[in-house]
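**Q** One structure follows; several queries about it will come next.
Throughout, read-outs are computed from the coordinates displayed, never taken from laboratory work. A quick note: this is a predicted structure, and the numbers were derived from the prediction, not measured. Positions of Cβ are backbone-derived with ideal geometry, glycine not excepted, and every protein chain shown enters the neighbour counts.
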Ligand SMILES: *Cc1c(COP(=O)(O)O)cnc(C)c1O
């Protein structure tokens with residue numbers, strides 16, 4: 001464990017806010033729908049085991065991951081709830097998934113045949129969920145052909161291979177028009193109606209964070225919230241789509257050097273910023289090697305002593321410079337907040353993502369292992 005007093009930069013994870021966000025999802029969708037919090041990509045960069053540990057008391061049905069290795073990590077950590085692997089698994093990954101009692105998602109018949117073989121070989125029962133492609137286009141059986149593949153799939157199933165769930169994924173749930181999501185929802189149900197199995201026996205799910213918060217009626221049997229749990233917004237704020245999550249991740253860096261520079265001084269690669277007057281510059285111990293995007297050069301703000309200060313010049317791999325001229329009392333060793341709040345000021349995750357020309361997901365999952373994750377929240381409640 002690194003000593004916070006000497007660490008140059010770190011991520012704070014507010015576990016109380018994380019739990020509050022899952023409760024908000026549960027309240028929105030009602031007690032009838034099972035919760036499958038998405039903890040892929042190491043819990044959106046915040047630590048999958050930490051997230052699972054923090055959310056387990058809210059009794060989710062299971063957890064969602066994207067990679068075999070992510071499921072194996074959780075099993076090795078003693079996680080016993082179902083773990084659904086939502087990305088298609090390569091044929092050679094299926095045996096390990098079965099051995100670890102993960103729940104694979106299938107998008108083709110070949111995978112189902114391999115799973116049947118592996119179930120026999122391991123003398124176990126394999127549960128799988130089946131993805132229906134209703135427009136996302138990256139995985140899933142074609143919704144238009146459900147009568148055909150539905151028969152073929154159920155023919156392979158038996159006591160050792162159980163078709164446990166069916167789902168789709170919205171491509172535009174976080175955008176203002178409702179139409180695309182409603183169309184996908186109808187396609188899902190058109191397809192399900194053609195299946196030779198009863199929906200009583202299938203867990204039906206569709207909604208990601210934006211889906212569940214905007215249309216709880218799309219909750220079906222289960223929901224798969226991700227970004228909302230981690231404090232990312234789920235659509236254009238001014239569209240008033242739904243309530244905002246509580247911030248979960250804060251990005252902090254220490255001021256490692258403060259200097260007064262005369263007019264004409266330049267900063268960073270390419271010397272893209274020039275001091276117009278005498279200025280006080282603070283060097284922060286963070287850069288794109290930590291996951292603070294290089295695209296933020298001359299475009300972002302930090303908070304120092306409760307005041308917003310601009311990032312000046314390009315972001316280097318290890319250092320970022322802010323103009324401290326409006327906070328001249330700031331000293332080396334103090335903390336700058338790059339995402340999060342300090343006093344009355346706040347720099348939101350979504351603001352940083354927009355300034356970097358990306359989305360909150362990419363900011364969070366881009367935070368590198370150089371940054372220790374520090375937990376906040378007492379774990380109560
Ligand atoms: C990542 C993912 C989600 C969660 O999406 P958010 O937009 O983060 O809520 C849900 N379902 C699937 C299949 C996913 O891959």
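**Q** If you average 1/r over every pair of different alpha-carbon atoms in the chain and take one over that average, what Kirkwood value in Å do you get? Before the final figure, lay out each step's value.
**A** Values: mean 1/r = 0.0444 Å⁻¹.
Kirkwood radius, the chain: 22.5 Å.
**Q** Return the Rg/Rh ratio of the range 221-334 with Cα-based radii and a Kirkwood Rh. Each step should come with its number before you reach the end.
**A** Numbers: Rg = 17.3 Å, Rh = 15.9 Å.
Ratio of gyration radius to Kirkwood radius: 1.09.
**Q** For residue 151, project a label point 7 Å along Cα to C-beta. Then give me every residue of the range 99-126 with its amide nitrogen under 17 Å of that point.
**A** Under 17 Å, as judged by backbone N against the label point of residue 151, lie 109 of the range 99-126.
**Q** Moving on. Quickly estimate the mean residue ellipticity at 222 nm for the chain, helices only: each DSSP H run with n ≥ 4 gives -39500 (n - 2.57), and the total goes over all residues, rounded to 500.
**A** On the way: 11 runs with 102 residues, N = 381.
Calculated from helices alone, the mean residue ellipticity at 222 nm is -7500 deg cm²/dmol.
**Q** Report the relative contact order of the chain, percent, no decimals, based on alpha-carbon pairs under 8 angstrom and at least 6 residues apart. The partial results should precede the final answer.
**A** On the way: 835 pairs, mean separation 69.5, N = 381.
Across the chain, relative contact order equals 18 percent.
**Q** Express in whole angstrom the spacing between the alpha-carbon centres of the range 121-135 and the range 167-210.
**A** Their Cα centres are 18 Å away from one another.
**Q** Could you work out the Rg to Rh ratio of the range 101-161, with Rh taken as the Kirkwood radius (inverse of the mean 1/r over all Cα pairs)? Let's see the in-between values first.
**A** On the way: Rg = 11.9 Å, Rh = 12.0 Å.
A ratio of 0.99.
**Q** Continuing with the same structure: Counting only Cα, what are the radius of gyration and maximum Cα-Cα distance Dmax of the range 57-188, in Å?
**A** 15.5, 49
**Q** Hey, rough spin-label estimate for residue 6 and residue 243, points 7 angstrom out along Cα→Cβ, what's it come to in nanometres?
**A** Each label point is offset 7 Å from its Cα along the Cβ direction, giving 4.3 nm.
**Q** Which order do 288, 167, 269, 230 fall in if you start with the one that has the fewest other Cβ atoms within 10 Å?
**A** Working: 288 20, 167 25, 269 12, 230 29.
Going from least to most buried by this count: 269, 288, 167, 230.
**Q** Which percent of Cα pairs goes in each bin when the distances of the range 1-120 are cut into 5 angstrom slices starting at zero?
**A** All Cα pairs, binned at 5 Å, distribute as 2, 10, 19, 18, 17, 13, 10, 7, 3, 1, 1, 0 percent.
**Q** A further question follows. Where the centroid of each part is defined by its Cα atoms, how far is the range 1-68 from the range 242-303 in Å?
**A** For the range 1-68 versus the range 242-303, the Cα centre distance is 29 Å.
**Q** I want to verify a result. In a Gaussian network model of the chain, Cα cutoff 10 Å, which of these has the top mean-square fluctuation: 87, 69, 198?
**A** Highest fluctuation among the options: 198.
**Q** By count of other Cβ within 10 Å, fewest leading, how are 129, 205, 189, 113 ordered?
**A** 113, 189, 129, 205
**Q** Rg/Rh for the range 126-186: what does it come to with C-alpha atoms and Rh from Kirkwood? It would help to have the intermediate numbers written out before the result.
**A** Details: Rg = 13.6 Å, Rh = 12.8 Å.
Rg divided by Rh gives 1.06.
**Q** Of the listed peptides 136-142, 360-366, what is their order by residue-averaged count of other C-beta atoms within 10 Å, with the highest listed first? Provide the component values of the computation, followed by the final result.
**A** On the way: 136-142: 15.7, 360-366: 19.9.
Top of the packing list down: 360-366, 136-142.
**Q** How high is the relative contact order of the range 227-381, given as a whole-number percent (alpha carbon pairs under 8 Å, six or more residues apart)?
**A** Details: 334 pairs, mean separation 37.4, N = 155.
Across the range 227-381, relative contact order equals 24 percent.
**Q** With both bridge residues required to lie in the chain, what share of the DSSP beta bridges run antiparallel, to the nearest 5%?
**A** Working: 32 of 58 bridges.
Bridges in the chain that DSSP calls antiparallel: roughly 55 percent.
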